[in-house]
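A short reminder: the numbers here are calculations on the coordinates, not readings from a lab. What you see is a predicted model; the values in this text were computed from it and never measured. Using ideal geometry, Cβ is built from the backbone for each residue, glycine included, and neighbour counts are taken over all protein chains shown.
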Amino acid sequence: MSESNGVKVIGSVEDFTAFPAHVKVDMQPHYIVEAPRIEGEEQRYTLISAICPHAGGIVRPHLNELVCPLHYWCFDAKTGESTNVPGETLECAPLEVRDGKFVLVEA
Ligand code: FES
């Protein structure tokens, strides 16, 4: 991972063959996930924090969800929205693909 001018390079797209893909960003666990696809658009990707908003557990992929093993809050693996605790969500940020790399553009 490298950073310059508010653009953080997460890694080469070709290094990730399956999603959710575990990555560390700023030493914290995250997943690169495929965002919900809109017909006719290219696949978009999202960086989702693996840290559960309930009490800091580390969520893990299970079927189409990211599941926290501590108290079983579950999150949609494409949007980060909880599927069993209304209104809760994992921190998410859109990723861009530039020159074959996933990049996070910080405001
Ligand atoms: S810390 Fe994740 S459900 Fe409680």
Open item on the list: With the structure loaded, tell me whether residue 23 is away from the ligand (no atom under 16 Å from the Cβ), touching a Ser or Thr at 6+ places or on another chain (Cβ under 7 Å) and under 19 Å from residue 104 (Cβ atoms) or whether it fails that test.
Closed with: no
Task: The listed residue being outside any loop (DSSP other than H, G, I, E, B), of a type outside the set (S, T, N, Q), surrounded by 14 or more Cβ atoms within 10 Å (Cβ to Cβ) and without any contact (Cβ under 8 Å) to a residue 60 or more places away in the chain, out of 53, 61 - done: 61
Task: Selected residue (criterion: nearest to the ligand (Cβ to nearest atom)) from residues of region 54-78 that are touching a strand residue (DSSP E or B) at 6+ places or on another chain (Cβ under 7 Å) and more than 17 Å from residue 33 (Cα to Cα) - done: 73
TODO: Identify, by number, the condition in (1) within 15 Å of the chain's Cα centre (by Cα); (2) surrounded by 15 or more Cβ atoms within 10 Å (Cβ to Cβ); (3) touching a residue at least 12 places away in the same chain (Cβ under 8 Å) that residue 82 doesn't meet.
DONE: (3)
TODO: Run residue 40 past the list (1) surrounded by fewer than 11 Cβ atoms within 10 Å (Cβ to Cβ); (2) in contact with a Pro (Cβ under 7 Å, 6 or more places away or on another chain); (3) not charged (D, E, K, R) and report the number of the one that doesn't hold.
DONE: (2)
